[in-house]
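> Would you mind keeping the following structure in view while I ask a few things?
What follows draws every value from the coordinates through simple rules; no lab data is involved. These figures come from a predicted structure and were not determined experimentally. Ideal geometry is used to build each Cβ from the backbone, glycine not excepted, and the neighbour counts take in all protein chains shown.
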Amino acid sequence: MAASDSQGGTTTVRGPRASRSTRWRAAVLVLVHLLAAIHIAHWMSTGRTVSPLEPSEAMEFAKYSVVNAGLIFFAITILSTLVLGRWFCGWACHLVALQDLSRAFLIRIGLRPRPLRSRWMALMPIVAAGYMFLWPVIYRVWIGDPFEVSGVEMTREGFWDTFPAWWPAVFTFVLCGFVAVYFLGAKGFCTYACPYGAVFGLADRLSPGRIRVTEDCVQCGHCTATCTSNVDISREVHDYGMVVDPGCMKCMDCVSVCPENALHFGLGKPALLARKREDARPPRPRLPLVEEATAALAFSFGYFAIRGFYQERGFLLSVGIAAVFAFLVLTVVRLVRRRDVKIPGAVLKEGGKLRPLAVVLGGGTLVLSASAVPFGLVPEVNTWRANRAWAELEDARARWFEPGRASLSEAELASADRLLESAGTIRARSGVRSLQNTMRLAWGSLFVGDIQSFEQRLSEALLFGRAGVGLKTLAADQMRARGDLPRAEAAYRAVLDEVPEHVPAVIRLAELLGQSERLEDAQEVVEAGLLVAPDSPPLLAQRGTFRLIAGDPDGAVEDLRAAIDLNPEFIEARIRLSELFAQSQRLEEAREVIEGGLAVLPDAPPLVAQRGVLRLFGGDPDGAVEDLRSALALNPGLTSVRDRLWRVLMELDRGQESARVIRDGLLLDGASVVLRAHLAQVLFMTGDRDGAAAEARRLAAEAGNNAALLQVAREVLRASGFAAEADQIVPQSVR
């Protein structure tokens, strides 16, 4: 290679020498992987270890304000990048090591990868980083979620919970290594897919630590030829006196191979403040606009399609496949637009003539694109629909297994139908059965009354390797709901053996034992829970309830007050405490507890309803009706409030209003035979015998084998003057 020297002559320069830095970097990367293996081995041997030192773990803080070791590790690497530049990728990243090995292997077998050099696709990692770390923050600001630290998780038992299963992990490595390097060039995944690299690249722009040049540079180009990050080093040091490309990973290979020792790592002006020389060299050729747009659109299409098809939602896998898919689509466009098209190791088109491989690649890409719509985009769109329905049913899930729960509203039933429909489409179209979608199928089946399908899906979900204690607690809840108390107790205890501080399991087990009149056992369970979770408001409230049952009202008040102090928005604790005070004729204290809750939750239907109850006890029935109506307006599905309201109205001799309240309830839940029975009785008591008889007939048709409700129907018909008809009412099993 010939290059101009400082005297205007030429100097003959040999090819680049071997980089001494490569060996040092390889040794460091081997050490990093050895430390990672020790980390995993420690978890496998002890069952608990430091939470993963992965940048992706920082999402837990963005989403839930949880501080973990991964967040601290990511923060330290970003801060160090602000000083030293983008060093972490080159010296500590396992995917960079994999890509370097892949490149070396491909070159050894005669395939030299060539960089794609797309400007628009290079923006995709920034978009990905924004989606991972910035969008959750924006969403939380939008919904008013506070940003106080909600937990610290420096160690973890479920070390692999946030990682994919083994086979997707292996496939991710193969794709992000060999496949991405072959199609996209050396470090192609870093350039076009890695969100963490985008964060480090942005920090690198502010860093004073850079590869810099002295006057000894002869522009031999060895640095550019050696760089595996596709940085045009010789041009940048000529134009800026330093390397400004954020793709530079400070591997130091360029410094090592420089024959004039003109390059060095040094501190100085950051890239953001660098200015070009007047005699700057022209940049490398750029892709035409149509090819840039094609690549960007294909990347977006491929990303959402693979997310829909692969329901485990592996993010790095999705962006990696999307980048490769974009290259394939771009190649098809080039086959149409260009006379000559090559890929590493193969000619696809020459002199305007297609080679057989071009037909195979083009046809395969078109088939893949077409199949991505029904099996990728359709599941992805239905995932969005299912996510929305799932969010709308959050309250329904929370109260489903609670005693005296409100029935589903019409809106919730509609959401349940959408959830079941969307989850069913995902199951039929996607390529992977995920735990998330299986649980949505289960809950959707439960909400529409298909108990058999719910239990079938729940059993299927428990077979997933990552089925956590929440899912196991749900299985125990269902055993309890169907009356299998011994199995439910065993299941709850198994959950607590695994995670003693799992409060929902403690509460459910204690309730089960209390209902079985095993009060001492129930108290022991709660006390054991408080040993590992002493500041848990639900456990303190539960202990207070058991103390009251055991004849210790002062202890109950103490625990309930402590629970409220820890969580002023704890509605159930406030209602229990106010009921305790009301039973002790301490109405003023009962009101203070409820008013304190309404000060922080002014539109909480249970608190508004409880204030109405206290007004009734205090001799203010009109005020009670007002509050009970307000509570129902806020949440029409509160059956206990509706029941109390119509009874109060009857006591006030306002029978027509009482009947209207019951009819409103039947509009929400037309299958409620209990409401039907109440309506028949109220209509009879208000003198509407024909209306009462009509409702009694409907009740008789809908009550099935319920002897108590059938007796109500007979009594109302007989009292309304239809004795013969009443005598004909018999249970369904006898008909």
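> Quick one: Kirkwood hydrodynamic radius for region 508-614, alpha-carbon pairs, angstrom, one decimal?
Radius from the Kirkwood sum: 14.0 Å.
> Okay, helix-only estimate at 222 nm for the chain: each DSSP H run of n ≥ 4 adds -39500 (n - 2.57), divide by all residues, round to 500 deg cm²/dmol; what do you get?
-19500 deg cm²/dmol
> Still on this structure: Relative contact order of region 670-735: what whole-number percent is it, with Cα pairs under 8 angstrom and at least 6 residues apart?
Normalised by residue count, the contact order of region 670-735 is 29 percent.
> Along the principal axes of its C-alpha atoms, what lengths does region 359-464 span, in descending order and rounded to whole Å?
For region 359-464, the Cα spread along each principal axis is 66, 30, 17 Å.
> Still on this structure: Could you give the size of the charge dipole of the chain about its Cα centre, using +1 on the Cβ of each K and R and -1 on the Cβ of each D and E, expressed in debye and rounded to the nearest 20?
Working: 81 positive and 81 negative charges, 1028 e Å.
Once rounded to the nearest 20, the dipole reads 4940 debye.
> Based on the alpha-carbon gyration tensor of region 670-735 and its eigenvalue square roots a ≥ b ≥ c, which shape applies: rounded if a/c is under 1.5, prolate if not and a/b is larger than b/c, or oblate?
The shape class here is oblate.
> Report the local net charge at PRO270: Lys and Arg +1, Asp and Glu -1, summed over other residues whose C-beta lies under 9 Å from its C-beta.
Numbers: positive: ARG205, ARG210, LYS269; negative: ASP204.
Once positives and negatives cancel, what remains is +2.
> Can you give me the relative contact order of the chain as a percent, contacts being Cα pairs under 8 Å and 6 or more apart?
Value for the chain: 8 percent.
> When ranked by the protection proxy of mean other Cβ atoms within 10 Å per residue, highest first, what sequence do the peptides 651-657, 507-513, 520-526 form?
In decreasing order of mean packing, 651-657, 507-513, 520-526 become 507-513, 520-526, 651-657.
> Which of the lysines could be linked to LYS353 by a straight reach, that is with a Cα gap under 19 Å, when you skip same-chain ones fewer than 8 residues away?
Candidates past the 8-residue exclusion: LYS342.
> Same structure, new question: If I model a spin label at GLU527 and ARG338 as a point 7 Å from the Cα along the Cα→Cβ vector, what separation in nanometres do I get?
A separation of 7.8 nm, rounded to one decimal place.
> Still on this structure, please answer the following. Between SER459 and ASP216, with labels modelled 7 Å along Cα→Cβ, what's the label distance in nm to one decimal, could you check?
Placing both labels 7 Å beyond Cα along the Cβ direction yields 7.6 nm.
> Could I have the simple spin-label model distance between MET685 and ARG388, label points 7 Å from Cα toward Cβ, reported in nm to one decimal?
Once both label points are built, they end up 4.4 nm from each other.
> In the P(r) worked out for region 170-231, what percent of Cα pairs fall beyond 12 Å?
The share of Cα pairs beyond 12 Å in region 170-231 comes to 76 percent.
> Right, another one. How big is region 154-203 in terms of Cα radius of gyration and Dmax, in angstroms?
Cα radius of gyration and Dmax of region 154-203 are 13.9, 39 Å respectively.
> With a/c under 1.5 counting as rounded, go ahead and sort region 599-674 into rounded, prolate or oblate using the C-alpha gyration tensor (a ≥ b ≥ c being the square roots of the eigenvalues; past the cut-off, prolate if a/b is larger than b/c, else oblate).
Cα axes put region 599-674 in the oblate bin.
> By average Cβ neighbour count within 10 Å, what is the ranking of 613-619, 154-160 from highest down?
My ranking of the peptides, most packed first, is 613-619, 154-160.
> What FRET efficiency, computed as 1/(1 + (r/R0)^6) with R0 = 60 Å and r the Cβ-Cβ distance, is obtained for GLN515 and LEU31, rounded to the nearest 0.05? Intermediate results must be reported in sequence, preceding the final value.
Details: r = 58 Å, r/R0 = 0.97.
Approximately 0.55, to the nearest 0.05.
> For ALA428 and ASP161 in the same chain, what is the full-extension length gain: residue separation times 0.36 nm, less their Cα-Cα distance, in nm? It would help to have the intermediate numbers written out before the result.
On the way: separation 267, 0.36 × 267 = 96.12 nm, distance 2.60 nm.
The ALA428-ASP161 span can extend by a further 93.5 nm.
> Using every alpha carbon pair in region 287-445, what percent of pairs falls into each 5 Å bin from 0 up to the bin containing the largest distance?
2, 9, 15, 15, 13, 11, 9, 7, 6, 5, 3, 2, 2, 1, 0, 0
> Which whole DSSP H helices in the chain pass both tests: a Cα extent of 15 Å or more along the axis and a mean Kyte-Doolittle value no lower than 0.5?
20-46, 69-84, 94-108, 289-309, 315-337, 356-372, 503-515, 519-532, 605-617, 673-685, 707-719
> Here's something else I'd like to know. How big is the shadow of the Cα convex hull of region 69-192, averaged over all directions, in nm²?
Working: hull surface 41.6 nm².
Mean orientational projected area (region 69-192, Cα hull): 10.4 nm².
> Within a Cβ distance under 12 Å of GLY597, other residues only, what is the Lys/Arg minus Asp/Glu net charge?
Cβ neighbours under 12 Å give a net charge of -1.
> Also, quick follow-up: In the chain, if the dipole is taken from +1 on Lys/Arg beta carbons and -1 on Asp/Glu beta carbons about the Cα centre, which of LEU560, ALA522, THR155 is farthest to the positive end?
THR155
> Shifting gears a bit: Can you tell which of LEU632, GLY612, ILE594 lies farthest toward the positive end of the dipole of region 592-636, using +1 and -1 charges on the Cβ of basic and acidic side chains (Lys, Arg; Asp, Glu)?
Towards the positive end, the residue furthest out is LEU632.
> Mind checking the full-extension length gain between LEU134 and LEU587? Use 0.36 nm per residue of separation minus the Cα-Cα distance, one decimal, nm.
Gain on stretching LEU134 to LEU587: 158.2 nm.
> Please list 429-440, 134-145, 51-62, 274-285 highest first by mean number of surrounding beta-carbon atoms within 10 Å per residue.
51-62, 429-440, 134-145, 274-285
> If you don't mind, another one. Straight-line reach only, C-alpha to C-alpha below 13 angstrom: list the aspartates and glutamates that LYS472 could link to, leaving out same-chain residues fewer than 8 apart.
GLU455, GLU460, GLU489, ASP497, GLU498
> Let me ask another. In nm, what is the difference between 0.36 nm times the number of residues separating ALA169 and GLU579 and their Cα-Cα distance?
On the way: separation 410, 0.36 × 410 = 147.60 nm, distance 5.46 nm.
Between ALA169 and GLU579, full extension yields an extra 142.1 nm.
> Using only the alpha-carbon atoms, what does region 422-492 span along each of its principal axes? Please give whole angstrom values in decreasing order.
Result for region 422-492: principal-axis Cα extents of 39, 27, 13 Å.
> Now a separate question. For a paramagnetic label modelled at 7 Å from the Cα of HIS264 toward its Cβ, which residues of region 189-217 fall within the zone defined by backbone nitrogen distances under 16 Å?
So the set is 209-217.
> Moving on to the next point. Need one number for region 325-397: average projected area of the convex hull over its C-alpha atoms, nm².
Details: hull surface 26.2 nm².
Over every viewing direction, the Cα hull of region 325-397 projects on average to 6.6 nm².
> Evaluate the charge dipole of region 1-153 about its Cα centre and quote only its size in Debye, nearest 20, assuming +1 on the Cβ of each Lys and Arg and -1 on the Cβ of each Asp and Glu.
1040
> Here is a further query. How many percent of all Cα-Cα pairs in the chain sit more than 37 Å apart?
I get 57 percent for the Cα pairs in the chain exceeding 37 Å.
> Please list, ordered by chain and number, the residues whose modelled amide H lies under 5 Å from the amide H of ASN68; skip anything fewer than 5 residues away on the same chain.
Result for ASN68 returns GLU153.
> If you wrap region 42-90's Cα atoms in a convex hull and average its projection over all directions, what's the area in nm²? Numbers along the way, then the final one.
On the way: hull surface 17.0 nm².
Over every viewing direction, the Cα hull of region 42-90 projects on average to 4.3 nm².
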